[in-house]
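What follows is calculated from the coordinates using simple rules that are stated; it is not laboratory data. Quick caveat, the model's predicted, so the values are computed rather than measured. Note that each Cβ is placed from the backbone with ideal geometry, even for glycine, and that neighbours are counted across all protein chains shown.
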Amino acid sequence: MILYCDTSALIKLLILEPQSDLMQAVCSRAEAIAVGRITWSEAMAGLARRQREDPASGDDLDQARQHLTLAWQSFTIVEVSQKLVETAGRFADAFSLRASDSVQLAAAHELQAITDVPVTFACFDRRLYQAAQLLQLAVLP
């Protein structure tokens, strides 16, 4: 199984949050971890926001950034292409998704279409989760 992590799922692998243990367990069983190319900037922005909100967490967030930098090399990266953003635009309209969520969903959907290995989509947004189910992606949690 390939585990496709949207940014909310990936963050749970970088810092301790509710359901981080679930993400760690599923990652240990996955053949590969996949992310969209945009996940890098989304994750870095999310970590920076956390640091602004809680300056005392700086050391933990620096470790999270280092972990992301090292782990990134091992991820399967889904590139953002014109075809992918056109699909994302259709998904944004059809499922009332935010722009970045629709790109994440389109990336997971594209990955499932090009591989024989089952893809499980990990996200922690109710609307995105429901959209993935409607597209018949296996979803986590």
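As a length-normalised measure over Cα pairs under 8 Å and 6 or more apart, the relative contact order of the range 46-141 settles at 18 percent. Amide H contacts of PHE124: SER8, ALA9, each under 5 Å away and 5 or more positions distant or on a separate chain (H built 1.01 Å from N in the peptide plane; Pro and chain starts excluded). The stretch between GLN82 and ARG29 holds 15.9 nm of extra length on full extension. This uses 0.36 nm per residue minus the Cα-Cα distance. Put +1 on the Cβ of each Lys and Arg and -1 on the Cβ of each Asp and Glu in the chain; which of VAL117, GLN82, PRO55 then has its Cα farthest toward the positive end of the dipole? Toward the positive end, the furthest listed residue is GLN82. Here's how it looks for VAL139: its modeled amide H is under 5 Å from those of PHE121, which are all 5 or more places away or on a different chain. The charge dipole of the range 2-140, taken about its Cα centre with unit charges on the Cβ atoms of Lys, Arg (+1), Asp and Glu (-1) only, comes to about 220 debye. When CYS27, CYS5 are arranged by Cβ crowding within 10 Å, least crowded first, meaning fewest neighbours, the order is CYS27, CYS5. By the helix-only formula, in which each DSSP H run with n ≥ 4 contributes -39500 (n - 2.57) and the sum is divided by residues, the chain has a 222 nm mean residue ellipticity of -19500 deg cm²/dmol. For the peptides 63-69, 15-21, 30-36, 51-57, the ranking by packing is 30-36, 63-69, 15-21, 51-57, with the highest mean count of neighbouring Cβ atoms within 10 Å listed first. Proximity of backbone amide H atoms, modeled 1.01 Å from N, is registered between GLY36 and VAL78 at under 5 Å, excluding neighbours fewer than 5 places apart on the same chain. Residue-normalised convex hull volume from the C-alpha trace of the range 2-140: 104 Å³ per residue.
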